[in-house]
Amino acid sequence: MNVLLLGSGGREHALAWKLASSEKLGRLIAIPGNPGIAQYAQCMETIPLTDHDAIVTVCGAEKIDLVVVGPEAPLVEGIADRLAAEGIAVFGPGRAAAQLEGSKLFTKELCKAHGIPTAAFGRFSDPEAARAFIEAQGAPIVLKADGLMAGKGVVVAMTQAEALAAVDEVFAMGGSGPEILIEEFLEGEEVSFFCLVDGDTVLPLGSAQDHKRAFDGDTGPNTGGMGAYSPAPVFTADIERRTLSEIVKPTARALADAGVPFRGVLFAGLMITSEGPKLIEYNVRFGDPECQVLMSRLEGDLLALLASVARGELAGQKVALRPDAAICVVMAARGYPGDYARGTPIGSLIAAERVEGVRVFHAGTRSEGTRLLANGGRVLGITATGANVAEARERAYDAVARIDWPDGFCRSDIAWRALGA
């Protein structure tokens with residue numbers, strides 16, 4: 001099979017690495033790709049992901065059998081619908097189903113209509129009404145902008161004064177419309193849970209735990225993710241069973257019944273509360289950096305799984321995960337998620353990958369001759385496997401220490417919950 005992979009981050013590098021191991025793969029092409037992806041694929045760096053016409057043209061010219069969509073924005077913009085209309089198989093949901101990520105309000109209303117456990121909420125188009133709601137509910141409380149916000153459209157206010165002050169800020173964040181969401185603060189531990197879905201069939205793919213805050217101790221501003229590990233110990237077999245029966249399967253059924261079946265990977269962001277799992281949000285693609293740890297544990301043929309989803313033939317497929325643990329430590333440019341410099345040189349990745357069980361995934365890099373340069377906020381994902389989380393973490397940080405990048409930083413406490421420190 002000839003495959004086109006859309007995206008340029010660490011998630012896509014991990015997918016390219018795993019796809020390249022498939023005996024079913026003919027050629028792998030990436031738009032736009034990155035220097036890490038280029039180890040496995042022909043990268044077409046000049047084509048933007050927003051140019052759907054050009055992507056369709058590439059599919060015809062290169063005889064593409066399957067398109068794998070990495071990031072969320074093309075899905076919300078309808079790239080899967082466009083490809084399907086041209087008779088091209090695609091792994092990723094159409095625009096209507098992608099509203100699960102594209103509109104937080106859409107997801108909350110779906111949960112309300114189908115009894116899916118989630119935080120109680122209100123939706124507001126008027127700032128004064130939003131403030132009145134906050135004064136009635138008290139704090140802590142959570143404010144969210146609607147639409148795609150790259151992980152930055154949420155304010156968790158621990159005091160009423162903080163919440164009231166944040167109302168105008170959240171309205172100004174924009175999103176897909178003039179409304180914002182205000183919901184109850186859920187107590188518990190967060191987990192990312194991934195399932196392959198082809199409309200009718202739901203196949204669990206594994207759990208992970210992300211670290212959103214920029215600095216150690218879960219302090220500092222929210223980011224796209226500073227590290228992850230898999231599996232998440234809090235996500236027990238019983239919690240998985242409840243999540244499937246109470247959250248994921250009812251969601252898939254609701255979309256199918258509405259005539260917009262979901263085909264792709266459904267990423268449920270969960271809070272494991274004293275009452276059980278509750279949905280925080282849905283994403284309609286693999287997480288980043290969760291994808292890196294999941295791909296490191298996945299056994300078997302990823303391409304066969306993704307193709308079966310695209311064809312609606314997921315029933316009967318199996319997912320096997322290595323019993324090993326995996327951890328990903330993100331190295332970011334100093335200043336991220338605020339202002340940061342681009343173009344700083346990175347060295348010694350080969351030395352890092354000499355550590356047993358380690359692979360370095362490129363998230364925001366570019367090549368300049370023989371030099372590798374930083375080209376984003378989150379730049380590298382140092383990913384390691386081990387017999388347990390402790391061994392995987394030791395290997396990952398050993399590799400981090402070997403990388404020559406004075407302008408980068410990382411958290412030193414990834415997986416602290418799993419290790420109790």
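What follows draws every value from the coordinates through simple rules; no lab data is involved. This one's a predicted model, so the numbers in the text were calculated from it and none came from an experiment. All Cβ positions, glycine included, derive from the backbone under ideal geometry; neighbour counts span all protein chains shown.
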- Which residue fluctuates the most in the chain, going by a Gaussian network model with Cα springs under 10 Å, if the choices are Pro323, Pro71, Pro337? Pro323
- Message: Please compute the Kirkwood hydrodynamic radius of segment 196-274 from all pairs of different C-alpha atoms, in Å with one decimal.
- Response: 14.3
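Given the pairs Lys112/Lys249; Lys108/Lys212; Lys112/Lys212; Lys63/Lys318; Lys18/Lys63, which span a C-alpha to C-alpha distance of over 18 angstrom in this model? Working shown, then result.
Working: Lys112/Lys249 15 Å; Lys108/Lys212 22 Å; Lys112/Lys212 27 Å; Lys63/Lys318 28 Å; Lys18/Lys63 21 Å.
Over 18 Å apart, Cα to Cα: Lys108/Lys212; Lys112/Lys212; Lys63/Lys318; Lys18/Lys63.
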- Message: Please list, in order along segment 330-339, the HN-Hα scalar couplings obtained from phi with the Karplus expression 6.51 cos²θ - 1.76 cosθ + 1.60 (θ = phi - 60°), rounded to whole Hz, x for Gly and Pro.
- Response: 8, 9, 10, 6, 4, x, 4, x, x, 5
- Task: Binning at 10 Å from 0, report for the chain what percent of all alpha-carbon pair distances ends up in each bin.
- Result: 5, 22, 33, 28, 11, 1, 0
- Mind sorting Phe409, Phe193 by how few other Cβ atoms lie within 10 Å of their own Cβ, fewest first? Phe409, Phe193
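Between Ala54 and Arg354, 0.36 nm times their residue separation minus their Cα-Cα distance comes to what?
104.1 nm is the gain from fully extending Ala54 to Arg354.
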- For a footprinting-style exposure proxy, rank Leu372, Leu270 by other Cβ within 10 Å, fewest first. Leu372, Leu270
- Centre separation in Å (Cα based) which lies between segment 60-113 and segment 1-59: 17
- For a footprinting-style exposure proxy, rank Val319, Val68 by other Cβ within 10 Å, fewest first. Val319, Val68
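Which order do the peptides 29-38, 207-216, 248-257, 221-230 take when ranked by the mean count of other beta-carbon atoms within 10 Å per residue, highest first? Before the final figure, lay out each step's value.
Details: 29-38: 22.8, 207-216: 20.6, 248-257: 18.5, 221-230: 24.7.
Taking the mean over residues of other Cβ atoms within 10 Å, the ranking is 221-230, 29-38, 207-216, 248-257.
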